[in-house]
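Here is the structure we will look at.
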Amino acid sequence: MTPKKVVAIGCGPFNLGLAALASTVDDLDVVVLEAERELRWHPGVMFDDAVLQVSFLADLVSMVAPTHPLSFLAYLHDVDRLYPFYVRERFHPTRREYEDYLRWAASRLPSVRFSHRVESVRWDGERFAVQATRGDGKRITVHGDDLVLGVGTEPYVPDALANLPSERLMHSADYLNRDVDVEHVTVVGSGQSGAEVVLDLLRRNMSGGPAVSWLTRTPVFAPLDYTKLVLEMTTPGYVRHFHSLPQDKRDSLVAEQWRHYKAISEGTIDELHDLLYRRELLHGLREVELRPGTAIRESRVSYSGQAVLTCTHRDTGRAFEHTTDLVIAATGYRQRRPVFLQPLEPLVKRDSHGRFVVGLDHSVELAPVVAGRVFVANADLHSHGVAAPDLGIGAVRNATIINAVTGREVYPLPKRTAFTSFTAPGDSVDRPVA
């Protein structure tokens, strides 16, 4: 039997997890193409003390195949760190350790090909033809029955800040890649990345470093809602319920549920407050201000060369200007719209907001002429809800894709995943995808 050929584009944790789960399936051939020379995971915010916001069980495979040879526990055993991890008694690995795990897994998967930049994707009438350029400059074409898009997101800077020149503006994704040698730094945005940047700036401030301002639209610097029953909204049970709803309802729910994936971990908030408390005993430091409920309307550069933000205090409606030497936009990410997809665009169905129309099995709705399928990884927040970017759903999503591609239940999917009943009585939505 000829194996099904799947081409996965992009080697982040989700497509790497797909390759890992596929590596033990005989009738499935997955090739992962990645433009970069090696796997790097958010290097611009790889703080030494940063930890994952999810358990080690949210690895590449464990939530559907806990005995898989590429699990996080297998990694710890292989590098002889299983006992130190056990004695540490913390379920959340450090971010640096998680990256090392990903690199370990990638090194054991010959299906992952780095330095392969995809240039175009076409449907040739029978298969997808993926044209890529290798690191040595040679152009190749890889054919696949199905595609999985895992190109991830890109840093987003809102229009209100976009007019600032690069010497006065950076995205938080680049924070550790650039020097911050100025007298006043302003961080805009209050998610986890913004909080970690502020935490680092506060430490610098206490050692004589720059003044720090932290501005955000949200009414408070809010903690992630990671209480146990709320976490059930990241389970397959809630995903199935969410996908069954009309799109306008889904959009309104995502807007309401921002604290499930855009807020700050409680530990980081505690560290921030502790630093603010301790700096009260120090004197002669540059100013620190935290100002929530502040909307940035526009920005410009003053005659003296500083960045000037025109702001509105949301509670009072009062307008004011804020002057700073450098703005760090911790304003999140948005889905990439890669150029290589342009040849497929006439065959792809999008909604009124220009987003993919995504089925419950994570496949994109295509024109009937296309016999193959295109699946997406972490481009389905609008269709699958707040679990979409969560590492804990990655293995389940990939198992769903593998089952769909092979046409059989290679990996049994979890059936009872939450104590909460998300549907109305009598609804039959809360069933696993075969």
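Just grab the label-to-label distance for Ser252 and Arg117, each label 7 Å out from Cα along the Cβ direction, in nm (one decimal).
Label at Ser252, label at Arg117, 4.5 nm between them.
Pick from Tyr98, Tyr226, Tyr303: which is most flexible by mean-square fluctuation in a GNM of the chain where alpha carbon atoms under 10 Å apart are linked?
Tyr303
If you average 1/r over every pair of different alpha-carbon atoms in segment 38-152 and take one over that average, what Kirkwood value in Å do you get?
Value: 16.7 Å, from the Cα pair sum.
Percent antiparallel among DSSP beta bridges with both residues in the chain, to the nearest 5?
Here the share of antiparallel DSSP bridges comes out near 50 percent.
When the scattering of the chain is computed by the Debye formula from its Cα atoms alone, each counted once and equally, what is log10 I(q)/I(0) at q = 0.07, 0.08, 0.14 Å⁻¹?
Calculated log10 I(q)/I(0) at the listed q: -0.38, -0.50, -1.40.
Note down the Stokes-Einstein diffusion coefficient of segment 228-269 in µm²/s, whole number, using a Kirkwood radius over alpha carbon pairs, 10 °C, and 1.306 mPa s.
D = 138 µm²/s.
Which whole number in µm²/s is D for segment 355-398 by Stokes-Einstein, with the Kirkwood Rh taken over Cα pairs at 10 °C and 1.306 mPa s?
145
At a 1.4 Å probe, what is the % contribution of carbon and sulfur to the accessible area of segment 157-210?
Carbon plus sulfur share of accessible area: 39 percent.
Using only the alpha carbons of segment 382-431, what is the convex hull's orientation-averaged projected area in square nanometres?
Mean orientational projected area (segment 382-431, Cα hull): 4.5 nm².
Once you place label points 7 Å from the Cα toward the Cβ at Arg108 and Asp29, how far apart are they in nm?
Spacing of the two 7 Å Cα→Cβ label points: 2.4 nm.
Choose one answer from Glu89, Glu183, Glu99: the residue with the largest mean-square fluctuation in a GNM of the chain with alpha-carbon springs under 10 Å.
Of the options given, Glu89 has the highest mean-square fluctuation.
Hey, how much of the P(r) for segment 302-343 falls beyond 13 Å, as a percent of Cα pairs?
Tail of the P(r) past 13 Å holds 71 percent of the pairs.
Residue-wise, which Karplus ³J(HN,Hα) couplings in Hz belong to segment 24-38, taking 6.51 cos²θ - 1.76 cosθ + 1.60, θ = phi - 60°, and x for glycine or proline?
10, 10, 5, 9, 9, 10, 10, 10, 10, 10, 10, 5, 6, 6, 8
For a protection proxy built on the mean count of beta-carbon atoms within 10 angstrom, sort 121-134, 195-208 highest first, please.
So the order, starting with the most tightly packed, is 195-208, 121-134.
Given R₀ = 41 Å, what would the calculated FRET efficiency be for Ser302 paired with His353, taking r from the Cβ atoms and rounding to 0.05?
With R0 = 41 Å, the Cβ-Cβ based efficiency is 0.65.
For segment 76-112, list residues with backbone N below 12 Å from a point placed 7 Å from the Cα of Glu36 toward its Cβ?
It comes to 99-100, 102-103, nothing else.
Let me check against my output: what whole-number percent is the relative contact order of segment 56-117, with C-alpha pairs under 8 Å and at least 6 apart?
Contact order relative to length: 27 percent.
Find out how many positive minus negative residues lie around Gln342, taking Lys and Arg as positive, Asp and Glu as negative, among other residues whose Cβ is under 14 Å from that of Gln342.
+2
Any chance you could get the radius of gyration and Dmax over the Cα atoms of segment 156-225, in Å?
When restricted to Cα atoms, segment 156-225 yields Rg and Dmax of 12.4, 36 Å.
Given the C-alpha centroids of segment 365-434 and segment 31-57, what is the distance between them in whole angstrom?
Cα centres, segment 365-434 to segment 31-57: 24 Å.
Apply 1/(1 + (r/R0)^6) to the Cβ-Cβ distance of Leu245 and Glu266, taking R0 = 25 Å, and write down the FRET efficiency to the nearest 0.05.
0.25
Please compute the per residue accessible area over the chain with all protein chains in place, 1.4 Å probe, rounded to a whole number of Å².
Per residue, the chain has 49 Å² of solvent-accessible surface.
What are the ³J(HN,Hα) values, in whole Hz, obtained from phi via the Karplus relation 6.51 cos²θ - 1.76 cosθ + 1.60 with θ = phi - 60°, for each residue of segment 322-338 in sequence order, with x given for Gly and Pro?
Whole-Hz 3J(HN,Hα) from phi for segment 322-338: 10, 10, 8, 8, 8, 10, 10, 8, 8, 9, x, 9, 9, 4, 5, 10, x.
Kindly identify segment 328-415 as rounded, prolate or oblate by the Cα gyration tensor criterion: order the square roots of the eigenvalues as a ≥ b ≥ c, call it rounded if a/c is under 1.5, otherwise compare a/b with b/c, prolate if a/b is larger, else oblate.
Here segment 328-415 falls in the oblate category.
Evaluate segment 198-248: find the radius of gyration of its Cα atoms, find its Kirkwood radius, and give the ratio Rg to Rh.
1.27
Taking a virtual spin label 7 Å from the Cα of Phe91 along the C-beta vector, which residues in segment 42-67 bring their backbone nitrogen under 11 Å of it?
54-58
For segment 271-400, I need the span (max minus min coordinate) of the C-alpha atoms along each principal axis, in Å, sorted largest to smallest.
Result for segment 271-400: principal-axis Cα extents of 68, 37, 29 Å.
Sort 273-279, 403-409, 239-245 for me by packing, meaning the mean count of neighbouring Cβ atoms within 10 Å per residue, highest on top.
My ranking of the peptides, most packed first, is 239-245, 403-409, 273-279.
Count charges around Ile402 for me, please; just the other residues with Cβ under 15 Å from its Cβ, Lys/Arg as +1, Asp/Glu as -1.
Result for the local shell: -2.
Segment 96-232: percent of C-alpha pairs farther apart than 20 Å?
Here the tail beyond 20 Å accounts for 68 percent of pairs.
Over 29 Å between Cα atoms: which of Lys4/Lys138; Lys249/Lys415; Lys4/Lys349; Lys138/Lys262; Lys138/Lys349; Lys4/Lys228 fall into that group?
Too far apart for the 29 Å limit: Lys138/Lys262; Lys138/Lys349; Lys4/Lys228.
Got a number for carbon plus sulfur as a percent of segment 222-326's accessible area, 1.4 Å probe?
Of the solvent-accessible surface of segment 222-326, carbon and sulfur hold 51 percent.
Once you keep just the Cα pairs under 8 angstrom separated by 6 or more residues, what percentage relative contact order results for segment 310-434?
Relative contact order here is 13 percent.
Give me the tail of P(r) for segment 173-329 as a percent: Cα-Cα pairs with distance above 25 Å.
It works out to 41 percent of all Cα pairs.
Could you bin all the Cα-Cα distances of segment 49-96 into 10 Å bins starting at 0 and give me the percent of pairs in each, rounded to whole numbers?
Reading upward from the zero bin: 27, 59, 15.
Before anything else, pin down the relative contact order of the chain: Cα pairs under 8 Å, at least 6 apart, normalised by residue count, whole percent.
Relative contact order for the chain comes out at 22 percent.
Can you tell me which of Arg113, Arg291, Arg373 moves the most in a GNM of the chain? Springs connect C-alpha atoms under 10 Å apart.
For the chain, modelled as a Gaussian network with Cα springs under 10 Å, the answer is Arg291.
The values are calculated or read from the model by the stated rules, or taken from the named source; none is laboratory data. For clarity, every value in this text was computed on a predicted model and none was experimentally measured. For neighbour counting, all protein chains shown are included, and Cβ atoms are generated from backbone atoms with ideal geometry for every residue, glycine included. Protein only, heavy atoms only, side chains kept; ligands, DNA and RNA dropped before computing areas. Shrake-Rupley method; radii C 1.70, N 1.55, O 1.52, S 1.80 Å.
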